[in-house]
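The values are calculated or read from the model by the stated rules, or taken from the named source; none is laboratory data. Note that the coordinates shown come from a computational prediction; the quantities given were computed from them, not determined experimentally. Here the Cβ is made from the backbone with ideal geometry for all residues, glycine too, and neighbour counts use every protein chain on show.
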Amino acid sequence: MHEEQFKLGAIMKFNKLAPGLEFIYQEFLAHGAEGAAREAELCGLTGVDTTARMPRMHVFLEFIPEARLSNLKDHGAVLHAGGGCVRTATVPLESLADLSDDPEIEYIAPSHQVHACIDVAAVSIGIDLMRARWGNGIGNGEGVLIGIIDTGIDPTHRAFSGRIDRIWDQTLPGKGLPEGNFGEELLGDGILKSTDSQGHGTHVAGIAAGQDSQFMGVAPAAHIIVVKALPGTLGLSAGINYVFRIAGQLDMPAVVNVSWGSHGDAHDGTDPLSRMIDYWARPGRIVCCAAGNEGQRDIHAGVDISPGSSEEIAVQSDALPINIEAWCAAEAQLRMSVVSPSGQATPVEPLAPAPAKDPYTLPEGRARLVTRKDPGNQHHHMKVSIRPTSARPGYQWRLHLENVGTEAVYVDAWLANVREVREDVRFIGPGVVRGMRIGSPGAATSAITVASYTTRTSWRCQDGCEKSLPLTPGAISDFSSDGPRRDGAPKPDLAAPGAMIISCRSHAYTATTDWLIDDDYMIMGGTSMACPFVAGLAALMLERQPSLDPLQLKEIMRVHCVRAGHTPDDFDTKWGFGLIDASYL
C-alpha cells in the first residue's frame, strides 16, 4: 500500500509527513536514534534529541480548525503554547506513526536549520532629523519591548546596562516554558548565566537598542528581551511567541528582530513559521526579518517543461550532501529521476504521496526522492536528497523531470540547508534563476523584510590597520537576497544600512583583529545588520503610536522609502520599495 504502511504497531500515513521528516523516521526505524540524528543533520534539519529516554524531535503540527488536541499526551507529545492551526510540539520519534493516524492532525513538518543573514548608518537614513522633528523626548523607544532572537547577548556590555528584562536561553538544560519544553528563563542577575560566544546576537542587539555616546543604537531607551535560540525554525517560532507573551504581561507594544533564515520552504510565505508570524500579526506586534545574504549565490533554479518533453536541473558538488527542495503546481503531472555524474539514473518516479523508497545506490553516491502535497499552498513538494560517496571537482548531478501531462509545468528548486549556501554546492547551467532567494521567515506576508544597503566600505581596526571590502557605497549590497516571492508578492519590503556596521562586541566572542574596532565594538555586514535598524525604527514608531499593526507600519515605511529616479510605488526585487528615509516619518 502506498499511502499507508504498518510500522511499530501503528498505521503510518506517510502523506502527512513532510519529506525530510519521513527520511528521519525511516532512518530511526533502521538505525535508531543516532541514525535519525545523523539524517537530520545531513538533510539540514534540527531538533532530534538523542539524550531523552525516548528519542524525540521538535516539529510543527498542523491541525484541522476544530481540533480539540485532547489526545496528544497519549502519544507522548508535548504541545507548546500558541494559537491557530499551526503549533509547535516535541514528539517521540516512535510516536510519529500514531500522530500521523490522528484525524485532527493534517501535517507534521520538521524544524529547518537556519543561518545568520550576516554610527554612520543611522545618520544616513535620517533618524536624528526624525527625533528633532518629533521633539518632547520622543524617539528613543521608551515603553517599547524589542525582542532579539539570535545567538544570545553579552549581558555585561555597557550598552545594555539595566535594560535586559530577561533572557530565554533555549540552549541551557531546563524544563523550558509554555512556548517550548527546553531551555531556561533567566531573570535579574541570573541573566549573567547566558553568554554569546558567536557575537552575532550582541551585535544585532546593539544596532537595534544599544546605548552609547559613540555607537548609538536606533532605540536606545527600549526594553530588551533576548532569546538565545536553538538552531532551527522551531526555536525562532517559539522565541517570537515568547516575546509577545511577555509583552502582553508587561502591557507593552513589541517588535521582534529575526536576523536568520532558511531555504527549506516554498518561498511564498506558506511554510509553518511564516504562517505563525502571520497569525501573531496584530496591533503592537511587529516582526522584522532579514532578507538573506544569497544575492550572489546560485541557490535557485527553475525550468519550464512543455507537455511531452523533459528538462533537467543541474547541481555541482565536490563532496558535500545535496538537498534540493522543489515545488510545482498541484495539477502538474511529472515524473522524476536523479542522474549521477557518470550518467546512471534512478528509476523514474511519478509525483505521488507514496512512502519514500530505500536510497538508490549509484556509482558516485546514494539518492532519495519523495513527493508530498503541501497543506500550506496545496502544491507538489519534491525533496531530493543526494549523498555523494566519491569526490571530484566539478561533479554534476542532475534532477531529470518529464512532463507527462497536457499543460506546461514550471518547477522551482532551491538548495535547502545551511551547508549548501556555499559555493561548494550550487546550481549550474541554464536553469539558474537570479531571484526568489528570500526564504522563511522573510517570506512571511506580515513580516517587514529588510534588504541591505551599503554605507561604509572601509574602517580602521583596533591594531591601526586600514581594512576595506569591494562593496559600492550608496548602493544595495551585492550579497543582499532578491525577491520577489514565488507567488509574485513583493519581497523584500525595503532596504536599510547593513554594510559595514559598527556595533557591540560580545566579550565571549573571539574575533580576528580585522573586525575589531576596540575592546567593546566590532564591525559586521549583512542583512542581519540591516534588519535591526528597521526593528529599532519600528520601536520608535510604536513609542509614538503603540497600536500600529504590521500592515499599517509597512505602509508608513513604504511611502517614506527613496530610490533615485523612482517613486515609493516602484518595487525592485533587490531594493524592495527603496531605502527607508526616517527624516519625515
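Would you confirm whether any residue within segment 266-282 is assigned to a helix (DSSP H, G or I), in contact with a strand residue (DSSP E or B) (Cβ under 8 Å, 6 or more places away or on another chain), hydroxyl-bearing (Ser, Thr, Tyr) and crowded, with 24+ Cβ neighbours inside 10 Å?
no
Tell me which residues, restricted to segment 336-371, are within 14 Å of ILE386 (Cβ to Cβ), touching an Asp or Glu at 6+ places or on another chain (Cβ under 7 Å) and in a loop (DSSP other than H, G, I, E, B).
SER340, PRO341, SER342, ALA356
From the list ARG398, ARG387, pick out the single residue that is at pLDDT 95 or above, of a type in the set (D, E, K, R) and not in a loop (DSSP other than H, G, I, E, B).
ARG398
Scan GLY190, GLY217, GLY201 and give me the residue that is over 25 Å from SER274 (Cβ atoms) and outside any loop (DSSP other than H, G, I, E, B).
The match here is GLY190.
If you check PRO532, PRO441, which single one turns out to be closer than 28 Å to SER194 by Cα and part of a loop (DSSP other than H, G, I, E, B)?
PRO441
Does segment 37-50 include one or more residues that are among the hydrophobic types (A, V, I, L, M, F, W, C), out of contact with any strand residue (DSSP E or B) (no Cβ under 8 Å at 6 or more places or on another chain) and assigned to a loop (DSSP other than H, G, I, E, B)?
Scanning segment 37-50, I find no residue that is among the hydrophobic types (A, V, I, L, M, F, W, C), out of contact with any strand residue (DSSP E or B) (no Cβ under 8 Å at 6 or more places or on another chain) and assigned to a loop (DSSP other than H, G, I, E, B), so the answer is no.
Here is a list: VAL450, VAL411. Which entry is outside any loop (DSSP other than H, G, I, E, B), at pLDDT 95 or above, in the same structural domain as ALA266 (by the TED database) and under 30 Å from SER480 (Cβ atoms)? First the steps, then the outcome.
Working: VAL411 fails: in the same structural domain as ALA266 (by the TED database).
The conditions single out VAL450.
Answer yes or no as to whether LEU172 is loosely packed, with under 15 Cβ neighbours inside 10 Å and more than 23 Å from LEU540 (Cα to Cα).
no
Per-residue answers, yes or no, for (1) in a helix (DSSP H, G or I); (2) at pLDDT 70 or above; (3) of a type in the set (S, T, N, Q):
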position	(1), (2), (3)
VAL123	yes, no, no
ALA132	yes, yes, no
ILE146	no, yes, no
THR156	no, yes, yes
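List, please: which pairs have Cβ atoms under 8 Å, are six or more places apart or on different chains, and start with a residue in segment 520-542 that is over 13 Å from ALA582 (Cα atoms) and end with one that is of a type in the set (Lys, Arg) and crowded, with 24+ Cβ neighbours inside 10 Å?
ASP520/ARG505; TYR521/ARG505; MET522/ARG505
Considering segment 298-316 alone, what residues qualify as being in a strand (DSSP E or B), more than 16 Å from THR406 (Cα to Cα) and β-branched (Val, Ile, Thr)?
VAL303, ILE313, VAL315
Any residue that is in a loop (DSSP other than H, G, I, E, B), modelled with pLDDT under 95 and either at positive phi or out of contact with any strand residue (DSSP E or B) (no Cβ under 7 Å at 6 or more places or on another chain) (or both) - is there at least one of those in segment 497-509?
no
Give the residue, chosen from LEU542, LEU548, LEU585, that is closer than 20 Å to VAL218 by Cα, surrounded by 20 or more Cβ atoms within 10 Å (Cβ to Cβ) and not assigned by the TED database to the domain that holds ASP278.
Step by step, each of LEU542, LEU548, LEU585 is checked, and only LEU585 is closer than 20 Å to VAL218 by Cα, surrounded by 20 or more Cβ atoms within 10 Å (Cβ to Cβ) and not assigned by the TED database to the domain that holds ASP278.
Going through ARG53, ARG38 one at a time, which residue ends up being basic (Lys, Arg) and closer than 22 Å to ALA229 by Cα?
Matching residue, one of ARG53, ARG38: ARG38.
One residue is enough: does segment 321-328 have a residue meeting the conditions modelled with pLDDT under 95, on the phi < 0 side of the Ramachandran plot, hydrophobic (A, V, I, L, M, F, W, C) and outside any helix (DSSP H, G or I)?
Scanning segment 321-328, I find at least one residue that is modelled with pLDDT under 95, on the phi < 0 side of the Ramachandran plot, hydrophobic (A, V, I, L, M, F, W, C) and outside any helix (DSSP H, G or I), so the answer is yes.
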